[in-house]
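First up is the structure itself, then whatever we jot down about it.
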């Protein structure tokens, strides 16, 4: 379940990221402090729906065994917002929903994946899981030009999922179990791991087990964890969870399409 926290200190605007998240310190319910990247709905390219999809993607990815940074629902109080010294940042926060999304900083030693990085055998299993997640979650935002992927040794962290699971109103309807549907995952600047996974064997059994075990109770808990202040995202959340249930229920067909796509 996603953690709850209150913003206590503003540090700066992050150096990277399309939406320029904020580097903020928060205090969690247990009294511990964490440095997080904060996204608020007042940013021009974000909304409450975007934040809700960040939460759902983090919860589902973590549940199927992928390496995500710890997510938080972060309360941004009027008093704290007023204390922010950067006038432009303060204005965005004042226009934002009082609940923002935060994810913990990965820590020292992590860097963005680049085209010079190598998909070693030790990295391959997690890379395949990440590719599958992005395929199933309709995530278009892990390209070589913008990988949203941190690496340290043989470990990964996946970040920035506000564009994932945006399936409400999509026509044609997302059907990752249909032959040919995942062709968009391949080709130049399509997915950071697409061509790197073409060579070698594909062990999909752990992925099948992980996605099959994603229960209705899990998904209901994720939905229930969203704050009432985000009620306007309700229809988008329902559509996203309906899609995830369909993927889970048709996981064998979906993995046949994964194997065809990477074959």
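Here is how the numbers come out for the structure above:
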item	result
Some residue of the range 161-175 being part of a helix (DSSP H, G or I) and either under 21 Å from residue 66 (Cβ atoms) or not assigned by TED's automatic domain parsing to the domain that holds residue 77 (or both)	no
Residue 252, sole failed condition from (1) over 20 Å from residue 48 (Cβ atoms); (2) without any contact (Cβ under 8 Å) to a residue 40 or more places away in the chain; (3) loosely packed, with under 15 Cβ neighbours inside 10 Å; (4) over 18 Å from the mean Cα position of the chain (by Cα)	(2)
Single residue of 241, 204, 214, 226 found to be buried (at least 17 other Cβ atoms within 10 Å of the Cβ) and either over 16 Å from residue 133 (Cβ atoms) or touching a strand residue (DSSP E or B) at 6+ places or on another chain (Cβ under 7 Å) (or both)	226
Any hit, the range 32-40, residues being free of Cβ contacts under 8 Å to residues at least 12 places away in the same chain, outside the structural domain of residue 233 (by TED's automatic domain parsing) and in a loop (DSSP other than H, G, I, E, B)	yes
Matching residues in the range 122-145 - criterion: being without any contact (Cβ under 8 Å) to a residue 40 or more places away in the chain and assigned to a helix (DSSP H, G or I)	122, 123
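Yes or no, residue by residue, for (1) in contact with a helix residue (DSSP H, G or I) (Cβ under 6 Å, 6 or more places away or on another chain); (2) modelled with pLDDT under 95; (3) closer than 29 Å to residue 154 by Cα:
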residue	(1), (2), (3)
17	no, yes, yes
32	no, no, yes
67	no, no, yes
80	no, no, no
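The values are calculated or read from the model by the stated rules, or taken from the named source; none is laboratory data. On a predicted model such as this, the values are computed, not experimentally measured, just so you know. Positions of Cβ are backbone-derived with ideal geometry, glycine not excepted, and every protein chain shown enters the neighbour counts.
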